[in-house]
Amino acid sequence: MLLQENATVQTLMTKETLTVVKKLGEGGQGAVYLVEGQKLGRKALKWYNHEQATEEQMKIILDLVQQGPPSGAAGKRFVWPIDLVCSPHSSQFGYLMDLIDTQRFAELGEVWAKRKPAPTMRALCRISYAAADSYRALHLRGLCYRDISAGNIMFDPVQGDVLICDNDNIGVNNQSDAQVWGTMEYMAPEVVRKEAKPSTDTDLHSLAVLLFQLWIWHHPLHGKMEYEVRSWDLIAKQKIYGQNPVFIFDPVNPENRLPDDPDYETAKRRWEVCPQPLKEKFIQAFTIGLHDPKRRVTEGEWRKLFLELEDCITQCPHDSAENFWSEKQPNVRCWYCQQPVPVPPKLLVKSAAGKQYIVLNKGTSIKRRHIDPSSKEEQWAELVGEVVQNPANPSVWGIRNHTNVPWKATTLAGAVREIPPQKSVPLQAGVRIQFTASTEGTILG
């Protein structure tokens, strides 16, 4: 049954009575309602259809409620089931969750339809990092999501914050069954072929498809083969996604290139401006990764990549478009206006974790993760340095020490000076900064 306005339901754990305010939406599994309780306040209620209101689904919800989401920032992005909700007048049930601010958070389809603003490159890096980070946290708990798709994630296109919705199909990896096996266009080929059930390995494929759509605004397998299909039925979908999946930008196999059609121009253009390191990961995900689940790009690899990409953004002075600098492609030409972009100085940081670059724009922050790779993840965002102007001489720039210990700076001529907390290292090419005993940075012109 559908719930009517002013109807009452009850939470299982806290025994609180909730009043239905109105219906918010409807999907394949059921409907979502705005409900209100005296203690809980306003929440969202997903109420299952008769067909989905099974004992097995109830057990899944109860397990999720009792387990709670993953810890830390990664877990807070999940709109996790809070409590099971029942009605004495029906065998149907549902679960309670927090409301989503739909004014702030967007679905990818809303961006494509131009109902919400498109994320900047920096926001895209943050959205992509957050998605990979949260699914990684889920997988580390031995759970798999099973239905990663653009329809189950929302993001703030300005700040890059992320919310992961529809968490009622999460289960134990390679153990628990689910009513939902995923959305076909995001399913791993082996799932489409019914050779495997959803797992953390198949989640990795779904995550790669989601990330590709975020960046390229297209499906990685929708090329000439899909274009030439006359009837987009189940048989056609099984062929494209499962039996003969071919990446549209496969560097070796040209079978599924994008057709010469205006509808595909956006994908072509966005692939052209996609940073090379990201292209390489997509090529891995949709060539080797299509056929070998154990060689798919991991959530950790995605996380590392998107942190590095955000560190190397530089803004075009002509139109403010964000562009990516890289060691392999040091000369930057704006993707929007096609004019050369002057690149600010860079900081090359070397530590036990390897090397990384930070483009030193005005206001660039150096974080704990840059100088102390062994620090706890909750400390990664701590500010340790910042690009600032000299207040007495705005033409002079430096990196201010925001830590509580001094740094040691060595000039190109070999002069050594101590940089106490709240003092700055001059932004001069060749200057070396000893941040810690094992981490050194060099300013590059």
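The values are calculated or read from the model by the stated rules, or taken from the named source; none is laboratory data. This structure is a prediction, so every number in the text was calculated from the model and none was measured. Counting neighbours? That spans all protein chains shown, and the Cβs are built from the backbone with ideal geometry, glycine included.
Apart from one condition, Ala409 fits all of (1) part of a loop (DSSP other than H, G, I, E, B); (2) of a type in the set (Gly, Ala, Ser); (3) more than 17 Å from Val359 (Cα to Cα); the exception is (1). Against the conditions (1) within 27 Å of Arg303 (Cβ to Cβ); (2) not in a loop (DSSP other than H, G, I, E, B), Val388 satisfies every one except (1). Note on the stretch 77-190: enclosed strands (runs of 3 or more DSSP E) holding 3 or more residues that are free of Cβ contacts under 8 Å to residues at least 60 places away in the same chain are 153-155. In the set (1) closer than 26 Å to Leu96 by Cβ; (2) surrounded by fewer than 19 Cβ atoms within 10 Å (Cβ to Cβ), the condition left unmet by Val111 is number (1). Scanning the stretch 78-93 finds one or more residues that are surrounded by fewer than 21 Cβ atoms within 10 Å (Cβ to Cβ), out of contact with any Lys or Arg (no Cβ under 6 Å at 6 or more places or on another chain), of a type in the set (A, V, I, L, M) and under 28 Å from Leu309 (Cα atoms). Restricting attention to the stretch 290-309, the residues that are charged (D, E, K, R) and touching a Leu at 6+ places or on another chain (Cβ under 9 Å) add up to 2. Tally time: how many residues in the stretch 364-384 are in a strand (DSSP E or B) and in contact with a Leu (Cβ under 9 Å, 6 or more places away or on another chain)? Result for the stretch 364-384: 3.
Here Ser395 meets each of (1) hydroxyl-bearing (Ser, Thr, Tyr); (2) assigned to a strand (DSSP E or B); (3) within 34 Å of the chain's Cα centre (by Cα) with one exception, condition (3). In the stretch 129-180, of all residues being of a type in the set (Val, Ile, Thr) and closer than 15 Å to Thr202 by Cα, the one that is modelled with the lowest pLDDT corresponds to Val180.
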